[in-house]
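Right, one structure below, let's go through it.
The values are calculated or read from the model by the stated rules, or taken from the named source; none is laboratory data. The structure presented is a predicted model; accordingly, all values stated were derived computationally and were not measured. Cβ placement follows ideal geometry from the backbone for every residue including glycine, while neighbour counts extend to all protein chains displayed. Surface accessibility is based on the protein's heavy atoms, side chains included, excluding ligands, DNA and RNA. Shrake-Rupley method; radii C 1.70, N 1.55, O 1.52, S 1.80 Å.
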Amino acid sequence: MTEWHYRWIERHHNKPGWQVEHIDEGRRYDCFNAGRGLVVEVQKAAKYEYILEKTREIIRKGYALNWILHAEIMSSLERKADSFIAKDRRRLVILDLLQELSELEQVSFFVDLLANSAKGKSSKGLLRLQPVVKNVATYSDYYEVPYIKHEK
């Protein structure tokens, strides 16, 4: 785990209702709020199987899930005014994950654009990714990920 990861976890440490490094049936959650039914996971690497498996398990338990992604995950994409776009037509792990999980309303993905400079101390650089839902997507949509600036 990196300093960035620990700082994100630390931000939830003293907030009412939050538990950090929560263990649930042998599975560790970075941050967990039972009252809100919400898990926050902080991730620096786009590990397809890990993210997919953990997401499905958390959803099966009836919780919502917010993934906070390090900016490096999006580094192979070009950032435009309102979207990230693949620089070529090869599939990327993050695009596959967003497309695979797009129909799960309980799951949100955020990118921390200030990950390198603020090192997890601020949520001002968060962008909420808005993946295209499978049944209405066109081929080119899988290579573009719209986002909106996250407002607290």
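If the chain between LEU52 and ARG79 were fully stretched, how many nm would it gain, using 0.36 nm times the residue separation less the Cα-Cα distance?
7.3 nm
In the chain, carbon and sulfur make up what percent of the accessible area (probe 1.4 Å)?
48 percent
Heavy atoms only, probe 1.4 angstrom, no DNA, RNA or ligands counted: give me MET1, MET74 ranked by accessible area, highest first.
Largest to smallest exposure gives the sequence MET1, MET74.
Could you order VAL107, VAL93 by accessible surface area, starting with the largest, using a probe radius of 1.4 Å?
Accessible-area ranking of VAL107, VAL93, largest first: VAL93, VAL107.
In degrees between 0 and 90, to the nearest 10, how far off the longest principal axis of the chain does helix 48-60 point, with axes built from Cα atoms?
Compared with the principal axis, the helix lies near 60 degrees.
Say a site is exposed when it is one of the GluC sites (Glu not before Pro), sits in a DSSP loop, and has at most 10 other Cβ atoms within 10 Å; what is then the longest site-free stretch of the chain?
The segment 26-104 is the longest one with no such site.
Of (1) 15.9; (2) 18.8; (3) 17.4, which is the value of Kirkwood radius over Cα pairs in Å derived from the coordinates here?
For Kirkwood radius over Cα pairs in Å, the calculated option is (1).
Taking the chain as the reference, fit the longest principal axis to its C-alpha atoms, fit the long axis of helix 3-13 to the helix C-alpha atoms, and give the angle between the two in degrees, 0 to 90, nearest 10.
Tilt relative to the chain: about 50 degrees.
Could you list which residues have their amide H under 5 Å from that of LEU38, counting only those 5 or more apart in sequence or on another chain, with H placed in the peptide plane?
ASN33, ALA64
Can you tell me which of ILE94, ILE23, ILE68 moves the most in a GNM of the chain? Springs connect C-alpha atoms under 10 Å apart.
Result for the chain, Cα springs under 10 Å: ILE23 fluctuates most.
Considering the chain as a Gaussian network with a 10 Å cut-off on Cα pairs, which listed residue, ASP88, ASP96, ASP30, attains the greatest mean-square fluctuation?
Residue with maximal mean-square fluctuation among ASP88, ASP96, ASP30: ASP88.
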